[in-house]
Amino acid sequence: MTSVELRQKYLKFFQDRKHKIIPSASLVPDQTVELAPTQRVLFTTAGMHPLIPYLLGQSHPEGKRLVNVQKCLRTDDIDEVGDATHNTFFEMLGNWSLGDYWKEEAIFWSWEFLVKELKLDSKRIYVSVFAGDDDAPFDQESFDIWKKLGVRKDHIFKYGKKDNWWGPVGPSGPCGPDTEMFYDTEPSGKGPIDPSTNPRFVEIWNDVFMEYDKQTDGSYKPLIQKNVDTGMGLERMLAVLNDVPSGYETDIFLPLMKKIEDLAGAFNVKSTRIVADHIRSSVFLISDGVTPSNVERGYILRRLIRRSIRHASLLKIDADFLEDLSKIVVKTYGDFYPKLEEFQNSIVDELKGEEKKFKKALASGIRHFEKIQGDISGKAAFDLYQNYGFPIELTVELAAEQGKKVDIKKFESELKSHQNLSRSAQEKTKGGLAVQSAKAAKLHTATHLLHQALRDVLGNHVHQTGSHITDERLRFDFSHSEKMTQDQLNKTQGLVNSKIADNLKVNKKTLPKQAAQQVGAIGLFDEKYTDLVSIYYMGKSDKLEEAYSKEFCGGPHAENTGTLGEFKITKEESAGSGIRRIYAKITG
Ligand code: SER
């Protein structure tokens with residue numbers, strides 16, 4: 001079975017059971033959603049994360065039954081990448097009940113999907129339920145439901161919090177006991193049976209019964225509503241369905257793995273997998289607006305790219321490779337995530353830029369590293385970071401390969417004192433990240449105004465082919481074959497500034513895809529297989545029909561155009577045949 005088929009089957013199965021398909025949220029959590037600071041995470045790590053406000057009781061515009069395929073990124077296990085089951089980026093298939101159905105339906109449908117729809121051998125399925133402790137009782141109900149479905153008692157395991165409890169994300173929030181499903185990859189079923197420890201049992205699905213709200217003091221309060229949150233890892237499931245050892249042997253990874261092997265002058269499975277995994281994550285991160293930097297998300301992206309460059313060099317890949325590999329990722333996923341195609345130019349630019357910066361430094365940095373005698377002092381690690389661009393994790397990895405230690409504490413204090421010296425004015429502001437993302441949201445709003453203004457000035461053949469925002473500027477690629485005249489540029493800029501002066505309100509609305517197209521919403525929406533889409537519109541009133549700009553989008557945006565300040569186009573140039581590119585700034 002292919003990834004395309006699995007996604008479709010899953011969405012359809014739950015759609016037939018009255019679930020609404022919602023689009024995947026961005027890997028970068030929506031900064032405008034009200035969450036406790038402890039629930040804020042750098043990346044979306046599970047399908048439930050964007051749904052936290054609704055799990056806590058807010059009503060979801062699409063109803064109480066939801067299903068989707070969510071892009072996720074987890075970097076806690078980055079050192080495990082290269083084995084059969086760990087990936088940094090992955091897709092999670094999930095269905096939710098927001099205070100609607102409960103254990104009976106959730107477990108029944110999981111079983112029905114696995115056994116009837118995917119036709120897995122029911123005898124090779126094992127399950128586990130929560131054993132109970134001081135905080136919550138043994139999950140008798142789930143245990144009984146599994147038995148009723150015909151699962152043998154010796155296929156049902158009871159585990160504690162470590163294995164059968166999910167959440168919260170961060171120290172507080174919605175959580176609860178879960179029941180997990182495993183598939184025995186050993187057809188004979190012989191040998192020791194322990195799903196929680198033996199890798200022969202692949203965890204394929206997790207049904208979480210969210211009925212608690214963990215408080216910051218560590219206590220558990222019942223949630224206002226009982227929710228079901230399920231998560232199935234697409235890659236693992238595909239491997240099981242195709243009877244292959246890992247996701248790397250499925251259609252998701254095969255073209256990428258093959259290309260890496262073709263380019264490589266040396267053979268090493270682990271490095272090949274690391275390159276494939278990290279490139280895939282990087283492509284998705286860039287398409288969600290992350291750019292390489294030395295802080296927060298940008299640092300994680302930089303680390304992923306640099307680590308893939310380093311493993312490519314272990315594989316003796318000499319030529320630049322990131323562009324070719326990123327295009328394979330876009331091709332593999334572009335159909336389901338059209339945003340990847342839309343942002344292909346930005347993706348290639350960012351990757352090539354990072355490749356250029358780091359490749360030379362890597363070779364000389366490694367030569368420098370080889371000369372260091374004994375363990376790596378904090379100062380030496382900082383030197384590698386500062387002068388050769390080595391993320392500290394790379395130094396640690398290199399050191400470990402040679403049985404050396406790194407003085408990370410000293411490295412951190414070196415880094416801190418350096419940062420204190422060189423910190424920019426903006427980073428100095430308290431909550432630098434929030435400031436940065438508010439600026440990005442404003443630039444994003446400016447991008448929508450620019451898009452509409454270009455259509456007004458040049459005609460309706462203009463549509464977005466790429467967009468890229470940093471905290472400094474926006475960059476917008478669009479279809480138009482001639483160089484813009486100075487007059488056209490002035491008109492466009494003037495139009496955007498007049499809409500800023502009108503202080504239009506920025507509204508968001510979720511509505512069926514067709515209705516959105518009928519009101520003339522422009523732009524690409526994130527996914528093909530969704531019933532409902534969200535659009536942002538800006539106008540003098542709240543009425544969608546009267547809005548100046550209406551565009552498919554996941555946000556975030558400024559609240560009013562009046563906060564954008566002055567809009568200025570700084571450059572107009574070609575970005576390929578039939579495509580123009582505009583750079584612009586705002587002062588707000
Ligand atoms: N949140 C749960 C998980 O990540 C189920 O979606 O496994």
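Each reported figure results from applying straightforward, stated rules to the coordinates on display, with no laboratory input. The shown structure was predicted, so the numbers you read here are calculated from the model rather than taken from an experiment. All Cβ positions, even for glycine, are placed from backbone atoms using ideal geometry, and neighbour counts span all protein chains on display.
May I ask what percent, to the nearest 5, of DSSP beta bridges between residues of the chain are antiparallel?
Details: 69 of 78 bridges.
Antiparallel bridges: around 90 percent, rounded to the nearest 5.
Straight-distance candidates among the aspartates and glutamates for linking to K123, with alpha-carbon spacing under 19 Å and chain neighbours fewer than 8 residues away dropped: E112, D144, D154, E180, D184, E186, D194, E203, D243.
Dipole magnitude for the chain: about 1200 debye, using +1 per Lys or Arg Cβ and -1 per Asp or Glu Cβ, origin at the Cα centre.
My understanding is that a pair violates if its Cα-Cα distance is over 19 Å; which of K158/K214; K116/K147; K71/K270 do that in this structure?
In this structure, K158/K214; K71/K270 exceed 19 Å between Cα atoms.
In this structure, the residue pairs whose Cα-Cα separation is over 28 Å, taken from K258/K404; K162/K410; K439/K508; K356/K409; K483/K508, are K258/K404; K162/K410; K356/K409; K483/K508. Taking the Cα centre of the range 162-264 as reference, the dipole from Cβ charges on Lys and Arg (+1) and Asp and Glu (-1) amounts to some 180 debye. One Cα centroid belongs to the range 564-588, the other to the range 277-316; the line between them spans 26 Å. Full extension of the chain segment joining Q486 with T2 gains 169.2 nm, where the gain is 0.36 nm per residue of separation less the Cα-Cα distance.
For the range 1-157, give the share of DSSP beta bridges that are antiparallel, in percent and rounded to the nearest 5; count only bridges with both residues there.
Bridges in the range 1-157 that DSSP calls antiparallel: roughly 65 percent.
Within a straight-line Cα-Cα reach of under 16 Å, K359 can be paired with the following lysines, leaving aside sequence neighbours fewer than 8 residues apart in one chain: K316.
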